[in-house]
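Undergrad: Below is the structure I would like to discuss, written out as structure tokens.
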């Protein structure tokens, strides 16, 4: 139905008298002044009063449309009320009204600035479209449609053609029965994936008409339409529907979709895009030179300068832990790259992004990243589903890194099997994780950032330096420790006398006593690093600070990540132990023994998980290396231990040397999942 406002110039019928709204006042409430159309009588009512009268049926808005009578050019009230909705009209009439509205919309937006020249230009623009839609249109048509639309109060139903007086040209001469058969035949192949031609469709239609004529008298026989008629009918179908029927909704959407040019910011950190991907390279274990598999790289790219802010390289799948580590490295300055990785240039990009663009990964749209961005003053922009072009910069950057770096290294997997051909990636792999990190840093700092960027039309490093020369100062956190706290995962727990229990690990300190008495059983906000469960941070809302609370069992939580703790808990549950720190500690020891036994005898995918276990979820360059003596296994019969937690098979054989014992209590048929 039509929507109206009490705008100036709006006409209403109030107590069977026509009025026009003159003005509004805000004196002691919003008041509206009305003037009779046929006289100069003026009345004033409040908005509330008029709304009540509208509800009571004493007031109604007056809808007008343009009707040309003989020898008259003026617009007069329409003699018929709109008693049906737009959806009640015939679909082809609604299509005509929508086409007319689309045609005049650009002219309506110009208001009083409309000129005859603009009407001519608009008519020329729509000539081909109107011809294809079989909608006769001229400059005079545009004038007439605008007059009808405006005089009718912006009502699209005023653009519905008066079909009662139409007929003849432009109307199908085919009987309705034939039209129905034509539509049923041409819609059938269109909605299927098989190919069909106009001649084939006409043949099927002829067979259908022949079948129909068997039940009709001789005087009512139907004729087969011409080939051109069927072709026009097929062409009149919606192009998107035709593509959807042939190729499916997903492919059809990609074929029709148009992607424009993205407007990138001028200053660094205004827009930073983030994403994960698997590297096209198999790395090896630096201890035994056996392949570990492909790492996952998380990347943050500044779109104003195309300078990478930071990355994270590890074996864990995309998770908030990798987001946290990438953001941490991105925000803080990186002054040690020359010393650590031997680069020729410094990594000069750093700072807190103004806008952080991510996709709809579950690790990116949860409360953890949202809380971190709110705490750091970052606008989190989440891309719509299946729209990689929304963050096309970082997507394109991954292709650049793969083609310019990973595909040039031994052990590459290339981008697809056609490129790989008979290349044996696992046998030729010879680069460890630490070596890959060094290579990656040298490539980013000394090559990528110093090379001319075609899309940027400049060098990323020079763009960042130029921004610094124009008084640009990156935002920074108060200190590195506070940044790690703010980036931590979010949860809520109740403080007890024994402290806080988080996933069977207890945390406590004396500073919690005051907060416990204040909250009295209410939950408090905690933040923790998923790669380090040796401590948590509890938010003290009264002093606006975070309290560091250590784990009571530091021996168990040393180098313990959330993922590793989950593995241990699952193993303890399979073993039948009650979940307590002692049982978890025993499970941790047993799993470590299984990992040591199967280190050199697992396939690549399992070795990657073993490496992840060794580092506690951290990359080797960040994990603390344990100086434990490695025990050599002693001779014994072949024994297979299947661990469900790690999804690996571990085998010990008779040729093992002395110094190894399989952990007690691990049944040979037991399966655990890593």
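Undergrad: Can we say residue 309 is crowded, with 24+ Cβ neighbours inside 10 Å and either within 21 Å of the chain's Cα centre (by Cα) or part of a helix (DSSP H, G or I) (or both)?
TA: no
Undergrad: Among 538, 524, which is in a strand (DSSP E or B), within 24 Å of residue 584 (Cβ to Cβ) and modelled with pLDDT of 90 or more?
TA: After ruling out the rest, the residue left standing is 538.
Undergrad: Based on what the data block shows, is residue 286 in contact with a strand residue (DSSP E or B) (Cβ under 9 Å, 6 or more places away or on another chain) and either modelled with pLDDT under 75 or loosely packed, with under 15 Cβ neighbours inside 10 Å (or both)?
TA: Here the answer is yes, as residue 286 does meet what is asked.
Undergrad: Okay, moving on. Suppose the filter is outside the structural domain of residue 310 (by TED's automatic domain parsing), more than 30 Å from residue 572 (Cβ to Cβ) and either at pLDDT 90 or above or not in a helix (DSSP H, G or I) (or both); does residue 515 pass it? Explain how you work it out, then say what you get.
TA: Numbers: outside the structural domain of residue 310 (by TED's automatic domain parsing): yes; more than 30 Å from residue 572 (Cβ to Cβ): yes; either at pLDDT 90 or above or not in a helix (DSSP H, G or I) (or both): yes.
Taking the combined requirement at face value, the residue satisfies it.
Undergrad: Which of the numbered conditions does residue 560 fail, given that it passes all the others? Conditions: (1) closer than 21 Å to residue 322 by Cα; (2) under 31 Å from the mean Cα position of the chain (by Cα).
TA: (2)
Undergrad: Okay, next question. Restricting attention to the range 530-549, report how many residues are loosely packed, with under 15 Cβ neighbours inside 10 Å and either under 19 Å from residue 324 (Cβ atoms) or not assigned by TED's automatic domain parsing to the domain that holds residue 503 (or both). Write out each step before concluding.
TA: So the first thing to find is which residues in the range 530-549 are loosely packed, with under 15 Cβ neighbours inside 10 Å, and the list is 541-545, 548.
The next check asks that each one be either under 19 Å from residue 324 (Cβ atoms) or not assigned by TED's automatic domain parsing to the domain that holds residue 503 (or both); those that pass are 548.
Going through the range 530-549 one residue at a time, the tally reaches 1.
Undergrad: Next question. So residue 352 passes all but one of these: (1) modelled with pLDDT of 90 or more; (2) part of a helix (DSSP H, G or I); (3) within 26 Å of residue 530 (Cα to Cα). Which condition number does it fail?
TA: All conditions pass for residue 352, except number (2).
Undergrad: Related question: Helices (runs of 4 or more DSSP H) wholly in the range 396-465 with at least 2 residues that are modelled with pLDDT of 85 or more and touching a strand residue (DSSP E or B) at 6+ places or on another chain (Cβ under 8 Å) - which ones? Don't jump to the end; show me each part of the working.
TA: Working: elements: 417-420, 425-428, 433-442.
Ranges flagged: 433-442.
Undergrad: Pull up the range 209-235, narrow it to residues that are assigned to a loop (DSSP other than H, G, I, E, B) and touching a helix residue (DSSP H, G or I) at 6+ places or on another chain (Cβ under 8 Å), then point me to the one that is farthest from residue 199 (Cα to Cα).
TA: Ranking the candidates gives 221 first.
Undergrad: Additional query: Report whether or not residue 391 is within 26 Å of residue 461 (Cα to Cα), assigned to a helix (DSSP H, G or I) and free of Cβ contacts under 8 Å to residues at least 12 places away in the same chain.
TA: Working: within 26 Å of residue 461 (Cα to Cα): yes; assigned to a helix (DSSP H, G or I): yes; free of Cβ contacts under 8 Å to residues at least 12 places away in the same chain: no.
It is false that residue 391 is within 26 Å of residue 461 (Cα to Cα), assigned to a helix (DSSP H, G or I) and free of Cβ contacts under 8 Å to residues at least 12 places away in the same chain.
Undergrad: Moving to a separate point now. Using the structure shown, decide if residue 294 is within 26 Å of the chain's Cα centre (by Cα) and at positive phi.
TA: Considered against the rule, which asks whether it is within 26 Å of the chain's Cα centre (by Cα) and at positive phi, residue 294 comes out as no.
Undergrad: Tell me, yes or no, whether the range 496-511 has at least one residue that is closer than 25 Å to residue 374 by Cα, under 31 Å from the mean Cα position of the chain (by Cα) and at pLDDT 90 or above.
TA: The answer is no; no qualifying residue exists.
Undergrad: Answer with yes or no whether residue 369 is in a helix (DSSP H, G or I), closer than 30 Å to residue 463 by Cβ and in contact with a strand residue (DSSP E or B) (Cβ under 9 Å, 6 or more places away or on another chain).
TA: For residue 369, the condition - in a helix (DSSP H, G or I), closer than 30 Å to residue 463 by Cβ and in contact with a strand residue (DSSP E or B) (Cβ under 9 Å, 6 or more places away or on another chain) - is met.
Undergrad: When the range 127-141 is examined, which residues are found to be buried (at least 17 other Cβ atoms within 10 Å of the Cβ) and at pLDDT 85 or above?
TA: Of everything in the range 127-141, just one residue is buried (at least 17 other Cβ atoms within 10 Å of the Cβ) and at pLDDT 85 or above, namely 141.
Undergrad: Look at the range 466-479 and say how many of its residues are assigned to a helix (DSSP H, G or I) and closer than 13 Å to residue 350 by Cα.
TA: So the count comes out to 2.
Undergrad: With respect to residue 144, is the statement that it is within 30 Å of residue 22 (Cβ to Cβ), over 39 Å from the mean Cα position of the chain (by Cα) and at pLDDT 85 or above true?
TA: When the stated conditions are applied, residue 144 passes them.
Undergrad: Looking only at the range 28-76, how many residues end up being modelled with pLDDT under 80 and at positive phi?
TA: Selection size over the range 28-76: 3.
Undergrad: What is the residue count in the range 151-164 for residues that are part of a helix (DSSP H, G or I) and either over 30 Å from residue 62 (Cβ atoms) or in contact (Cβ under 8 Å) with a residue 40 or more places away in the chain (or both)?
TA: Result for the range 151-164: 6.
Undergrad: Given (1) touching a residue at least 24 places away in the same chain (Cβ under 8 Å); (2) in a helix (DSSP H, G or I), where does residue 137 come up short, assuming only one miss?
TA: Residue 137 satisfies every listed condition except (2).
Undergrad: Follow-up question, since we're still on this one. Please go through the range 107-119 and pick out each residue that is in contact with a helix residue (DSSP H, G or I) (Cβ under 9 Å, 6 or more places away or on another chain) and either surrounded by 13 or more Cβ atoms within 10 Å (Cβ to Cβ) or not in a helix (DSSP H, G or I) (or both).
TA: Going through the range 107-119, the residues in contact with a helix residue (DSSP H, G or I) (Cβ under 9 Å, 6 or more places away or on another chain) turn out to be 107-108, 110, 114, 116, 118-119.
Result: 107, 108, 114, 118, 119.
Undergrad: Further question: State all residues of the range 439-455 that are closer than 14 Å to residue 346 by Cα and surrounded by fewer than 17 Cβ atoms within 10 Å (Cβ to Cβ); if no residue qualifies, say none.
TA: Within the range 439-455, 447, 450 meet the criteria.
The values are calculated or read from the model by the stated rules, or taken from the named source; none is laboratory data. Keep in mind that this is a model prediction, so the values were computed, not measured. Heads up, the Cβs are rebuilt from the backbone with ideal geometry, glycines too, and the neighbour counts pull from every protein chain shown.
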